[in-house]
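Q: The structure that follows is given in the form of structure tokens.
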Amino acid sequence: MSIFGRLVTLIKGNAHAAIDSMENVENVLNQKIRDLESAYTEARDGVAGAMAEQKRLEGLASQAEKEAEKWLNRVNNALDAGDEAAAEEMAVQYEKNLGEKENFHALAEEQADTVSVLRDQLESLQESIAEVKSQKASIVAKHKMADANESINKVFERVNKNSSLNTLNRYEERANERLNKSKAVKQLNSTTSIEEQFKKYDKPNGSSALERIKQQRENNAQ
């Protein structure tokens, strides 16, 4: 795994650990995204430095090549002039510059390969940041849903613990019992009152002794 890949894995792991231990998930994730973006900035600066080094090596190779061409021209001019000694000395300088050119060119090619790898890793890091941002929205939404569900569950737990519904049912049963009882008492009171009203219309079942004597006297007189 590349250094950038290990960096992303480390930051993601720390983010998951923080999610398990902290309440404010959104703030934790925002901080981890800032950490990734800061790491990306540092990595980008490093890649830019590597690219600059590649350009420097390519420039040195080009400069050494130009110097070698100058010395080669001088060698040819000296040979044309028949100056073997001067041509030999100039040939040494030519080979020196030619060697420097080949050395800088090889280093520039090696640096170019390094830059290519670093740029791929930098792009991968950028994609990882985008992935974390996308996951953050989903994670935050899930935690908010979980918070809402937990709040609702706590409400129902309190209702069940307090037996509020059962208490209401008991109150309703008592109210119904009292209402039925009061209706029954009222009905009984109403029946007694009617009987008392009709008592005044009842005739006595028998007469007194004096009235019987009076009645007998009336019968004898006839």
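The values are calculated or read from the model by the stated rules, or taken from the named source; none is laboratory data. In this text the structure is predicted, and so the values were computed from the model without any measurement. Because the Cβ atoms are built from the backbone with ideal geometry, glycine has one as well, and the counts that use them run over all protein chains shown. Quick note on the areas: whole protein, heavy atoms, side chains included, nothing else; ligands and nucleic acids left out. Shrake-Rupley method; radii C 1.70, N 1.55, O 1.52, S 1.80 Å.
Q: Please compute the modelled spin-label separation between Gln63 and Gln187, points set 7 Å along Cα→Cβ, answer in nm with one decimal.
A: Placing both labels 7 Å beyond Cα along the Cβ direction yields 11.9 nm.
Q: If the limit is 23 Å between Cα atoms, which of Lys133/Lys154; Lys32/Lys55; Lys66/Lys96 go over it?
A: Going by Cα-Cα distance, Lys133/Lys154; Lys32/Lys55 fall outside the 23 Å limit.
Q: OK, next. Mark the label point 7 Å from the Cα of Asn103 along Cα→Cβ and return the residues of the range 38-60 whose backbone N is within less than 17 Å of it.
A: Taking a point 7 Å out along Cα→Cβ of Asn103, the residues of the range 38-60 whose backbone N falls under 17 Å are 56-60.
Q: With the other protein chains left in place, how much accessible area per residue, in square angstrom, belongs to the range 54-144 at a 1.4 angstrom probe?
A: Value for the range 54-144: 67 Å² per residue.
Q: Another question about this same structure. Grab the beta carbon distance between Arg56 and Lys144, set R0 = 41 Å, and tell me the FRET efficiency rounded to 0.05.
A: Numbers: r = 52 Å, r/R0 = 1.28.
Efficiency for this residue pair is about 0.20.
Q: Follow-up. Evaluate 2.2 N^0.38 Å with N set to the residue count of the range 16-131, then give the Cα radius of gyration divided by it.
A: Relative to the rule-of-thumb radius for its length, the range 16-131 sits at 1.93.
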